[in-house]
1. Going by Cα centres, the stretch 51-66 and the stretch 102-117 are how many Å apart?
2. Given points 7 Å out from each Cα along the Cα-Cβ axis, report the residue 78 to residue 51 separation in nanometres with one decimal.
């Protein structure tokens, strides 16, 4: 079979396959999928286990924290103003995803991602500049 893919694409496919293989192996080892379950013997019914020892209560703090009261030099806080809700960050993130996806698949998807990224960046910055 004659493979017409460029060398960088073959290397990327190999790295992805190796990463997936080692990732699954590490996940299986972490979950203990390859090890036998240990046998935990249960005591016979005639054996009674001792009752657990009572736990001691925590001691009360020696020095309670002082109560905070407003001083004479305090002022009332200014009201918090939140920025207006916008969809531009979500569109920008979609542009980054399409840009990265296009690197793996096709340059047309990368161009779409770059276009979305530019539009979202211009829209978001424009909205922030005109916010009062």
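1. Cα centres, the stretch 51-66 to the stretch 102-117: 62 Å.
2. 6.4
Where a number appears in this text, it was derived from the coordinates with a stated rule and is not lab data. Being a predicted model, the structure only gives us computed values, none of them experimental. When we count neighbours, we look across all protein chains shown, and the Cβ atoms used for this are built from the backbone with ideal geometry, even at glycine.
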